[in-house]
Amino acid sequence: MFLLLITSRIAIRLFSSNKILFFIKKLAFDGFYPLLNQMYSAPRLARRGNLKELAIRMSAAFDASQLSRNPSVLLSHGTHESFHPPMPPDLVFFPKSTHDISEAMRIAKSCDCPVIPFGVGTSLEGHIAALQGGLCVDFGKHMHRVLQVNVNDMDCKVQAGCTRIELNNVLKGSGLFFPTDPGMCLVRFVLNY
């Protein structure tokens with residue numbers, strides 16, 4: 001920090017530009033990630049579609065337990081592991097079957113609303129950011145089962161919300177395992193499911 005302050009004083013003498021001064025102060029006092037966030041974050045685009053109609057039709061088609069407009073749930077579904085700011089959706093849907101997903105997709109299409117798939121929230125690239133708002137489909141709450149294990153083919157069929165721990169618990173004793181990043185399993189527990 002001391003070296004950075006000395007560097008900023010030298011830069012102030014060398015450059016009289018306000019932009020250079022702002023950049024150095026920002027870097028020295030706020031750190032690197034907020035600066036990146038300000039410089040490179042994706043802009044919030046205009047909301048797309050008929051969001052009011054989406055909420056009405058989704059409420060009519062599904063149980064109240066499958067939908068959420070709670071601000072903390074919306075925020076947790078628009079927050080990811082990258083440095084970009086949170087961009088929450090307008091509605092979160094927790095499907096119980098592929099039929100539920102098909103029906104939700106039909107409703108979202110008829111309302112011209114974007115749909116954001118959500119597994120366990122480990123995005124480093126920001127792909128769960130709801131840039132135009134819309135419907136977030138969370139597969140982790142109900143659709144996290146292992147459907148089929150083929151030991152001879154060394155493959156399996158899982159639902160979209162299945163985590164590495166759940167898959168490895170089913171694979172125990174078969175001689176198979178799924179060795180990926182352990183961080184992806186912890187996010188669901190942080191989201192208070």
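When each of Ser110, Ser82 is tested for being surrounded by fewer than 20 Cβ atoms within 10 Å (Cβ to Cβ) and under 17 Å from Ile128 (Cβ atoms), the lone residue that passes is Ser82. Taking the conditions (1) surrounded by fewer than 14 Cβ atoms within 10 Å (Cβ to Cβ); (2) at pLDDT 55 or above; (3) among the hydrophobic types (A, V, I, L, M, F, W, C) in turn, Phe15 satisfies each one other than (2).
In the stretch 87-103, the residues that are closer than 15 Å to Gly134 by Cβ reach residues that are among the charged types (D, E, K, R) and crowded, with 17+ Cβ neighbours inside 10 Å with C-beta atoms within less than 9 angstrom, at least six apart or across chains, in these pairs: Val92/Asp138; Phe93/Asp100; Phe93/Asp138. Kindly indicate whether Val120 is farther than 25 Å from Leu51 by Cβ and within 12 Å of the chain's Cα centre (by Cα). Yes: the conditions hold for Val120.
For the stretch 48-79, a residue qualifies if it is assigned to a loop (DSSP other than H, G, I, E, B) and exposed (fewer than 15 other Cβ atoms within 10 Å of the Cβ), and the qualifying residues are Arg48, Asn50, Asp63, Arg69, Asn70.
If you go through the stretch 98-108 and keep only what is farther than 20 Å from His77 by Cβ and either at pLDDT below 95 or of a type in the set (A, V, I, L, M) (or both), you end up with just Thr98.
The values are calculated or read from the model by the stated rules, or taken from the named source; none is laboratory data. What you see is a predicted model, and the numbers here were worked out from it, not measured in a lab. For neighbour counting, all protein chains shown are included, and Cβ atoms are generated from backbone atoms with ideal geometry for every residue, glycine included.
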